[in-house]
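Worksheet: one structure, shown below.
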Amino acid sequence: YEQNAAVMMALANNPSFRVAFVGRGEENADVKLKELAEKNHVTNVHFQGYYEKKDEPRIVQESTFLNIFYPRKLSHDTALSNRFYNSLIFRKPMITTANTIQGDYAAKYGVGIAIDNTDQLGSMLETYVKEFDASKYETNRNQLLQSFKQDYDIFKKAVVDFATQQ
């Protein structure tokens, strides 16, 4: 909730942005976000509750950035989320948490931005869009995906080697 609320408030009523929260949050976070939006008269936010998995590609394709700004805790710092992979698969830049595995990849490969907080989020997004180079993005994205494939191939070989030694 805290990170989503911070993103929403950082972009609140900025005509350059439309913020959409899709899905159900944990512990009624989506309800709390709606209440926060209403209390602060945030007009550029949209809430869509539960969605069917089959609708996910359309939802992602309708986005400009995917929000993966998570709280700092070990499980978030070291994991690659489905949203991270969707960002790469659907060629949508991501907003990630700095100094996490997702944030490190986003920054290193230029496939999004990594933030510690939302203080300058609007200007950071505007700069990213203004300086966006589709060719460079695609090259970096492909390099990142290739590195994942190489890791997968090494793992697969190790498993096959182990299984055949028995």
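The values are calculated or read from the model by the stated rules, or taken from the named source; none is laboratory data. Here the structure is a predicted model, which means the values were calculated and not measured. Cβ placement follows ideal geometry from the backbone for every residue including glycine, while neighbour counts extend to all protein chains displayed. Accessible surface areas use protein heavy atoms only, side chains included; no ligands, DNA or RNA. Shrake-Rupley method; radii C 1.70, N 1.55, O 1.52, S 1.80 Å.
Is at least one residue of segment 4-13 open to solvent by 70 Å² or more (accessible area, probe 1.4 Å) and free of Cβ contacts under 8 Å to residues at least 60 places away in the same chain?
yes
With the requirement that a residue be over 12 Å from the mean Cα position of the chain (by Cα) and among the hydrophobic types (A, V, I, L, M, F, W, C), what does segment 54-80 give you?
Residues satisfying the conditions are 59, 74, 79.
For (1) farther than 15 Å from residue 68 by Cβ; (2) in contact with a strand residue (DSSP E or B) (Cβ under 8 Å, 6 or more places away or on another chain); (3) not in a helix (DSSP H, G or I), each residue gets a yes or a no:
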position: 4; (1), (2), (3): no, yes, no
position: 9; (1), (2), (3): yes, no, no
position: 14; (1), (2), (3): yes, no, yes
position: 21; (1), (2), (3): no, yes, yes
position: 24; (1), (2), (3): yes, no, yes
position: 29; (1), (2), (3): yes, no, no
position: 35; (1), (2), (3): yes, no, no
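Each row is one residue, and each column tells you yes or no for (1) touching a Leu at 6+ places or on another chain (Cβ under 6 Å); (2) of a type in the set (Ser, Thr, Tyr); (3) closer than 24 Å to residue 119 by Cβ; (4) exposed (fewer than 15 other Cβ atoms within 10 Å of the Cβ).
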position	(1), (2), (3), (4)
15	no, no, yes, yes
23	no, no, no, yes
36	no, no, yes, no
40	no, no, yes, yes
53	no, no, no, yes
57	no, no, no, yes
62	no, no, no, yes
67	no, no, yes, no
78	no, yes, no, yes
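Which residue pairs have Cβ atoms closer than 8 Å, lie 6 or more positions apart in sequence or on different chains, and pair a first residue in segment 50-69 that is of a type in the set (Asp, Glu) with a second residue that is part of a helix (DSSP H, G or I)?
56/86
Which residue, of 126, 131, is touching a residue at least 40 places away in the same chain (Cβ under 8 Å) and surrounded by fewer than 18 Cβ atoms within 10 Å (Cβ to Cβ)?
126
Collect the residues in segment 81-100 that are under 10 Å from the mean Cα position of the chain (by Cα) and open to solvent by 50 Å² or more (accessible area, probe 1.4 Å), keeping them in residue-number order. Walk me through how you get there before you give the answer.
Kept after step one, since they are under 10 Å from the mean Cα position of the chain (by Cα), are these residues of segment 81-100: 81-88, 92-97.
Selection gives 82, 83, 85.
Tell me which helices (runs of 4 or more DSSP H) are completely within segment 53-110 and hold 1 or more residues being modelled with pLDDT of 95 or more and farther than 20 Å from residue 18 by Cβ, or say none if there are none.
Because the criterion is at least 1 residues that are modelled with pLDDT of 95 or more and farther than 20 Å from residue 18 by Cβ, the helices (runs of 4 or more DSSP H) in segment 53-110 that meet it are 82-89, 101-109.
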